[in-house]
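Please treat every number below as a calculation from the coordinates, not as lab data. The model shown is predicted, which means the values in this text are computed figures rather than measured ones. Every residue, glycine as well, gets a Cβ built from its backbone with ideal geometry; the counts of neighbours run over all protein chains shown.
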Amino acid sequence: MKKSLLILLALILIMPLSPNANVDINTKDEVFKFLNEAFKVQVSLSEQTRTKEEIIDLFNPYFSKNYQKLFWNENVFEEEGKFVTYGSDFALYYIPFFQYTDDTKVIKTPEDIYIIEYFPASSEGPVGYDDHYEGILLKKFDGAWKIDQYFYNNVPNSILKEAFQKD
């Protein structure tokens, strides 16, 4: 009886507190999967209005509190006491439209994961842009990786050098 209780307690302690908890991200594919899931959460906010609490619950497994605040201030609008996002060709703080190929660079340090991609200039479509780098920074919060920063042409030079030194 004592032994089974001890085993049960040990299992409870090692189980993640959230079904979406990500104790570690070890591979490029795991990083890409995480970013895709986070992007789907962002896009889902345009499908229906939600309460502030519902949005926070959706965002918590993927985004730091600071990033949530930035995204909220830029993209979330109130409609009849609930909240929604609207479509845009250039909305800040969304996960960039990475190719998720070898062109998408993942630089992992013990404290951070940088995801960076170079986007050549485009004049096609309703929104044009110059050559630039876009990126996301993942940091660990309470043992889980979360998106904490968005880069648009302000990726640290040391990270750019490491990411593109082999190209």
Checklist line | Longest segment of the chain lacking GluC sites (Glu not before Pro) that sit in a DSSP loop with at most 12 other Cβ atoms within 10 Å | finding: 1-46
Notebook entry, point to check: Which part of segment 122-149 falls in the paramagnetic zone of residue 103, meaning amide N under 19 Å from the point 7 Å along Cα-to-beta-carbon?
Noted result: 122-136
Margin query: Can you sort 155, 43, 84, 127 from fewest to most other Cβ atoms within 10 Å of each residue's own Cβ?
Written below: 127, 43, 84, 155
Next item on the list: Towards the positive end of the charge dipole of segment 23-164, with charges on Cβ (+1 Lys, Arg; -1 Asp, Glu), say which of 51, 77, 158 has the farthest Cα.
Entry: 158
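Report the gain in length on full extension from residue 76 to residue 165: 0.36 nm times residue separation, minus Cα-Cα distance, nm rounded to one decimal. Display every interim value, and only then the final one.
On the way: separation 89, 0.36 × 89 = 32.04 nm, distance 3.81 nm.
Gain on stretching residue 76 to residue 165: 28.2 nm.
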Item checked: Residue order, fewest to most surrounding Cβ atoms within 10 angstrom, among 72, 145 -> 72, 145
Notebook entry, point to check: What residue among 110, 61, 156 has the largest mean-square fluctuation in a Gaussian network model of the chain, using Cα springs under 10 Å?
Noted result: 110
Notebook entry, point to check: Which order do 58, 35, 70 fall in if you start with the one that has the fewest other Cβ atoms within 10 Å?
Noted result: 70, 58, 35
Notebook entry, point to check: Just 41, 106, 31 to compare: in a GNM of the chain, with alpha carbon springs under 10 Å, which one fluctuates most?
Noted result: 41
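Please compute the contact order of the chain in relative form: average sequence separation of alpha-carbon pairs under 8 Å and at least six residues apart, divided by the residue count, as a percent.
Numbers: 207 pairs, mean separation 32.1, N = 167.
For the chain, the relative contact order is 19 percent.
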Next item on the list: Evaluate 2.2 N^0.38 Å with N set to the residue count of segment 65-167, then give the Cα radius of gyration divided by it.
Entry: 1.21
Margin query: Below 21 Å, Cα to Cα, which lysines can residue 161 reach? Residues fewer than 8 away in the same chain don't count.
Written below: 28, 105, 108, 139
